[in-house]
Amino acid sequence: MIRLASPFIGEEDLQAVREVLESGRLVQGLKVAEFERAVSNYVGTKYAVAVSSCTAALHISLLTLGVQPGDLVVTTAYSWIATANVIELCGAYPIFVDICPDTFNIDSKCLKTTLGRLMGNPAIAKRVKAILPVHTFGQLSDMLEILRLAEYYNLPVVEDAACALGATALDATLEGQQAGTWGVMGCFSFHPRKAITTGEGGIVTTNDSRLAHILKALRNHGQDPESLSPDFIMPGFNYRMTEFQAAFGLAQMTKLDYIITTHRRLAANYDELLIGMPVQSPKVSEGSWPIYQSYVVLLPEYMLSRRQSIIEQLKRDGIETTIGTLNIPMTNYFRSRYGYQTNAFPVTDRVASRCLTLPLHCWLRENDQEKVVRYFNEAC
Ligand SMILES: *Cc1c(COP(=O)(O)O)cnc(C)c1O
């Protein structure tokens, strides 16, 4: 079976986890802090707060900004469900925005229109608390334009960078600026399908010491992270990362550059192999250097109804593929709660029904890729 994804785990990861288990110190030791330093150094922020998942990271990021019941958070229509769920879990309402047909990221022109509409009404404007863009499949959103709009309306930006550890802007003036450094907070995932893994896990990056302080309290029962004797300053969760996950993450961090380089090389190889096939390979916007968490192609309109049978045929051929990600407003909960209809987000509709993710991971060989494309071609 050629797997869709497969974590890059070796002897050094096993050894790192073993050491922690043997020490008996499983939680709240030094490994988590060390992992946080490794990630914040890599990404380029002053602080990082490790948690139990990216969903937890997103949840406490919004709470840290004071998102409350009745508030509004502006986000993309095309993402993993967690992006919208965390807004609901704060009691707030997601305001969805359509995406770009090439990068599948939030469309900043649509964002501008949506913000204009919301912020033009003072009663509504004061309920809008944040913008939550997603770096879809490991490619940066149009952060320059998003930050321009955010600044104009004085709104904080939280980046859902779940898939984007190491995703970079390459621009004359912004060389190397990474995902997780643009907004007031950036949220990453260490689920096994992401660049590096800790099993489950997540982290929030920020340059703001006040935000880091609240994040640390919220992940640990509301305990004051600075106080020597236990003191509780707000109601909080247990969203902590364990010591063995952090040790695992530290071992994984030493391989991150290799993982990213490999994904980029394999993606470029797919790009070439797919030339001549009637599918759109991933488009990279100018000045952007994605990490290819996933390699997602777009089937042409006439193949739309055959996507599921293509996935099943490839499975019979020993190749695991899947859809891209979700048209969130059209999932059962959001559709029935808000009454969304087809065409509310036309580009998301088109992309979500035609996306297909091909296998991509560090164990994949070039001859596996040739097999994938050969069978994909036959199944089409
Ligand atoms: C994976 C993912 C999440 C959730 O991450 P977990 O660590 O599984 O909670 C959130 N947003 C996006 C865009 C994702 O891809």
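The values are calculated or read from the model by the stated rules, or taken from the named source; none is laboratory data. All figures in this text were calculated on a predicted structure; none of them were measured in a lab. Ideal geometry is used to build each Cβ from the backbone, glycine not excepted, and the neighbour counts take in all protein chains shown.
Details
- Qualifying residue in the range 242-251 (condition: away from the ligand (no atom under 16 Å from the Cβ) and surrounded by fewer than 16 Cβ atoms within 10 Å (Cβ to Cβ)): no
- Residues that are among the hydroxyl-bearing types (S, T, Y) and within 16 Å of the ligand (Cβ to nearest atom) within the range 111-164 comprise T136, S141, listed in sequence order.
- All conditions in (1) of a type in the set (F, W, Y); (2) within 15 Å of the ligand (Cβ to nearest atom); (3) in a helix (DSSP H, G or I) hold for Y292, with the sole exception of (3).
- Hits in the range 140-165 - residues which are polar (S, T, N, Q) and under 19 Å from T64 (Cα atoms): N154
- Sole residue being under 21 Å from A169 (Cβ atoms), among the hydroxyl-bearing types (S, T, Y), at pLDDT 95 or above and in contact with a strand residue (DSSP E or B) (Cβ under 9 Å, 6 or more places away or on another chain), chosen from T206, T261: T206
- Filter result (more than 13 Å from F237 (Cα to Cα) and among the aliphatic types (A, V, I, L, M)) within the range 59-74: L62, L65, V67, L72, V73, V74
- T205 being in a loop (DSSP other than H, G, I, E, B), among the hydroxyl-bearing types (S, T, Y) and either in contact (Cβ under 8 Å) with a residue 40 or more places away in the chain or within 11 Å of the ligand (Cβ to nearest atom) (or both): no
- Residues satisfying the stated conditions in the range 339-380, i.e. more than 18 Å from L274 (Cβ to Cβ), aromatic (F, W, Y) and either in contact with a helix residue (DSSP H, G or I) (Cβ under 7 Å, 6 or more places away or on another chain) or surrounded by 18 or more Cβ atoms within 10 Å (Cβ to Cβ) (or both): Y340, F345
- Given (1) closer than 21 Å to I323 by Cα; (2) part of a loop (DSSP other than H, G, I, E, B), index of the condition W182 fails: (1)
- Each residue in the range 42-74 was checked for being within 10 Å of the ligand (Cβ to nearest atom) and of a type in the set (S, T, Y), and 3 pass.
- Tabulated pairs, the range 244-263, first in contact (Cβ under 8 Å) with a residue 60 or more places away in the chain and among the basic types (K, R), second surrounded by fewer than 21 Cβ atoms within 10 Å (Cβ to Cβ) and assigned to a helix (DSSP H, G or I), C-beta under 9 angstrom, 6+ apart or interchain: K255/E12
- For the range 321-360, a residue qualifies if it is on the phi < 0 side of the Ramachandran plot and assigned to a loop (DSSP other than H, G, I, E, B), and the qualifying residues are T321, I323, G324, T325, T331, Y340, Q341, T342, A344, F345, P359, L360.
- Top-ranked residue of the range 120-175 - restricted to ones that are under 11 Å from the mean Cα position of the chain (by Cα) and β-branched (V, I, T), ranked as surrounded by the fewest Cβ atoms within 10 Å (Cβ to Cβ): V134
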